[in-house]
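Right, one structure below, let's go through it.
The values are calculated or read from the model by the stated rules, or taken from the named source; none is laboratory data. Treat the numbers as computed from the prediction; the structure is a model and nothing was measured. Backbone-built Cβ (ideal geometry, glycine too); neighbour counts: all protein chains shown. Ligands, DNA and RNA are stripped out before the accessible areas are found, and what is left, the full protein with its side chains, is counted by its heavy atoms. Shrake-Rupley method; radii C 1.70, N 1.55, O 1.52, S 1.80 Å.
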Amino acid sequence: MLQRIRLKLRSPDCQSLGLLAIVGAFIMTFCSYTSPAFYFDTSPDNNAFFTVGKAMMHGIVPYKDIFEQKGPYVYFLHGLAYLVSSRSFLLIFLVEIATVTAAMFFVYKLAKLLNASELPALLTALLSPLLFLYHPYYDYGDTVEFFTLPLLLSLIYLMVLLDRRDFRVSHWWYFAQGALVGIVFLSKYTLLGAWIVFYLVIMGRLLVKRQWRQLGRVIGWSAGGFLLATLPWLIYFLMTGSLQAFINVYILFNTKVYLTSSVAAFANLVQSITLVSQFYWGNVLFFLLGVVGTLVVLFQRDIFTSNFSRGLYLASALGCDLLALYGYQAGAVYQYYQLIYFGFFVLPFVYFCQIFFRHVGLPTGDAPFPILVTLLLSLFLVLGVNNNVTDSKVFPNNTSITEKQTTKPQQPAQIDFGRLMRRETPAGTRLTLLNYGSIDMGFYTASGAIPSTYFFQNYNIPQSSAPQILQSQQNVIRRHQVEWVVLNTPAGKTVKQWQGGSGRITSGNLNPGTSKLTKDLTRHYHCVAQHTQVFEGVSVTYWLYQRK
């Protein structure tokens with residue numbers, strides 16, 4: 001047994017995986033806001049996930065007791081992160097390293113499946129992070145789209161493998177894909193497009209050919225994996241009496257309120273096609289990999305050997321792209337939604353890299369120099385497409401931390417306010433907080449506060465579509481039900497002056513204005529701190545109020 005383990009560890013695949021993990025850790029340190037190299041993860045989405053996950057670990061049931069729209073797997077992961085480190089994203093950072101490492105390893109395995117030798121396959125994998133970390137599609141990090149990329153690459157790998165093996169693979173492949181469908185379904189179901197099309201086409205083929213035994217095998221093992229991933233959550237929702245709340249929020253609210261389009265199904269499909277087309281035409285690299293590269297993959301006989309496999313790949317790619325933006329309108333699409341498209345850039349990327357490496361005459365055997373050169377080039381390319389490092393501790397007192405002109409080391413508002421709230425809250429007393437009027441800006445995370453209200457934040461939803469959200473928050477302040485209130489205004493505007501304008505301070509930070517709230521706020525609360533810093537390119541002042 002030990003001998004087998006030693007042999008496995010010495011295998012080229014295992015050694016390549018080890019190198020990719022080291023590279024992944026180094027790159028993510030400077031690209032992900034979850035990294036300890038950053039002062040604080042200021043992403044609203046990440047902090048909302050963390051807040052709900054933390055609430056779960058304290059017995060608060062998502063959808064029933066606290067409102068948020070992502071799937072339960074997202075909150076469970078962040079709940080585990082809370083247990084590991086109660087005020088940081090350390091576990092999420094480690095999961096991000098594992099994610100980019102897994103994505104690079106699938107690139108490596110795809111290259112080998114396309115008959116590349118060891119060194120070109122490894123060099124291709126080392127270059128691939130530029131596809132996964134392309135800003136602003138990879139923005140703060142810690143998105144469902146990013147975590148889904150290696151899962152999607154496993155499906156693409158399976159498509160190539162099925163083509164190579166005349167559609168005969170181990171049943172465990174279908175079991176694994178079924179489990180992944182369950183995980184993605186209960187994380188963000190709009191990312192399921194590729195799997196939906198894959199299974200429809202595969203089962204359609206088996207039905208036409210009347211291969212009943214194989215059809216039953218595919219359905220049975222895939223269903224087994226799906227149930228393994230979803231049944232525990234069904235039991236959880238039934239035991240907590242929250243199944244109806246889960247359906248109302250995660251399924252119905254997301255489709256009826258959160259999506260921006262209310263037109264007919266066919267019109268939504270045309271709208272989605274338009275948005276996808278604009279994405280590919282908007283960048284030369286995207287056009288080369290997404291359009292030209294896909295055509296090359298479809299017509300090159302040394303990638304897919306059968307027309308059915310080519311059709312399966314194309315249909316899955318289109319399904320992935322169209323469902324990801326189905327129901328959205330131009331101007332309402334957050335670019336990180338489109339990160340999932342980059343999964344289908346990988347096969348063309350691998351193919352083009354192999355053509356290049358065949359022409360440069362790589363050495364055989366151990367070749368540390370090409371690996372070192374490729375590592376440096378990869379880092380150069382990643383920093384060229386992702387400049388998150390400029391907000392890190394490498395650049396002290398940068399504008400995302402403070403706009404105060406000083407050489408004295410500063411901290412962002414989240415950390416300053418969090419320390420103040422913990423210091424002023426008596427030991428043994430529960431710290432209660434309301435993040436008013438905007439999406440979660442990280443003050444729950446930094447303070448350690450557990451939400452005591454159903455609507456613990458505002459959302460990227462027009463107030464007219466869900467007026468109960470803001471009404472609930474205003475009632476909390478009128479009844480002075482929490483000790484602390486955090487709100488924000490554009491820099492230069494006081495809480496009394498900020499009327500809201502269009503309703504947005506920045507994209508992603510919807511704020512209805514604060515002036516109408518001033519009377520109730522100042523009756524029960526007084527301002528104890530303010531802090532100005534840049535959020536998504538806009539100077540924002542955060543205000544901390546304490547109950548009188």
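Any chance you could count how many residues in region 374-429 are in a loop (DSSP other than H, G, I, E, B), of a type outside the set (S, T, N, Q), touching a residue at least 12 places away in the same chain (Cβ under 8 Å) and open to solvent by 50 Å² or more (accessible area, probe 1.4 Å)?
6
Just the residues that are in a helix (DSSP H, G or I) and either out of contact with any Ser or Thr (no Cβ under 8 Å at 6 or more places or on another chain) or among the aromatic types (Phe, Trp, Tyr) (or both), please, taken from region 301-320.
Within region 301-320, Asn307, Phe308, Ser309, Arg310, Gly311, Leu312, Tyr313, Ala315, Ser316, Leu318, Gly319, Cys320 meet the criteria.
Return the residues of region 52-78 that are surrounded by 22 or more Cβ atoms within 10 Å (Cβ to Cβ) and over 23 Å from Thr190 (Cα atoms); say none if nothing qualifies.
Lys54, Ala55
Please go through region 325-354 and pick out each residue that is open to solvent by 60 Å² or more (accessible area, probe 1.4 Å), farther than 21 Å from Leu314 by Cα and part of a helix (DSSP H, G or I).
The one that is open to solvent by 60 Å² or more (accessible area, probe 1.4 Å), farther than 21 Å from Leu314 by Cα and part of a helix (DSSP H, G or I): Gln335.
I'd like to check which helices (runs of 4 or more DSSP H) are fully inside region 7-124 and have at least 2 residues that are in contact with a strand residue (DSSP E or B) (Cβ under 8 Å, 6 or more places away or on another chain).
Passing ranges, in order: 44-57, 72-84.
For (1) within 24 Å of Thr514 (Cβ to Cβ); (2) modelled with pLDDT under 95; (3) acidic (Asp, Glu), each residue gets a yes or a no:
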position	(1), (2), (3)
Asn398	no, yes, no
Lys404	yes, yes, no
Thr407	no, yes, no
Leu434	yes, no, no
Ile450	no, no, no
Ser464	yes, yes, no
Ile477	yes, no, no
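Checking Phe266 against (1) modelled with pLDDT under 95; (2) surrounded by 11 or more Cβ atoms within 10 Å (Cβ to Cβ); (3) over 23 Å from Asp45 (Cα atoms), which test does it fail?
Here Phe266 meets the rest and fails (2).
Test of understanding: among Ser43, Ser86, which residue is out of contact with any Leu (no Cβ under 9 Å at 6 or more places or on another chain), open to solvent by 20 Å² or more (accessible area, probe 1.4 Å) and either over 23 Å from Thr230 (Cα atoms) or at pLDDT 95 or above (or both)?
Among Ser43, Ser86, only Ser86 is out of contact with any Leu (no Cβ under 9 Å at 6 or more places or on another chain), open to solvent by 20 Å² or more (accessible area, probe 1.4 Å) and either over 23 Å from Thr230 (Cα atoms) or at pLDDT 95 or above (or both).
Restrict the check to region 467-484 and report whether at least one residue is buried (at least 16 other Cβ atoms within 10 Å of the Cβ) and closer than 30 Å to Asp391 by Cα.
There is at least one residue in region 467-484 that is buried (at least 16 other Cβ atoms within 10 Å of the Cβ) and closer than 30 Å to Asp391 by Cα.
Quick check: anything in region 49-71 within 13 Å of Tyr140 (Cα to Cα) and among the β-branched types (Val, Ile, Thr)?
no
Looking for something under 30 Å from Gly442 (Cβ atoms) and not polar (S, T, N, Q) - is there at least one such residue anywhere in region 200-220?
Scanning region 200-220 turns up no residue that is under 30 Å from Gly442 (Cβ atoms) and not polar (S, T, N, Q).
Among the numbered criteria (1) more than 28 Å from Phe237 (Cβ to Cβ); (2) at pLDDT 95 or above; (3) surrounded by fewer than 24 Cβ atoms within 10 Å (Cβ to Cβ); (4) hydrophobic (A, V, I, L, M, F, W, C), which one does Leu7 miss?
(2)
Would you list the helices (runs of 4 or more DSSP H) that sit entirely within region 188-258 and hold 3 or more residues that are open to solvent by 70 Å² or more (accessible area, probe 1.4 Å)?
193-208, 212-239
If you take the residues of region 501-523 that are touching a Lys or Arg at 6+ places or on another chain (Cβ under 6 Å) and modelled with pLDDT of 80 or more, which of them is farthest from Gln474 (Cα to Cα)?
Going through the qualifying residues, I end up with Ser515.
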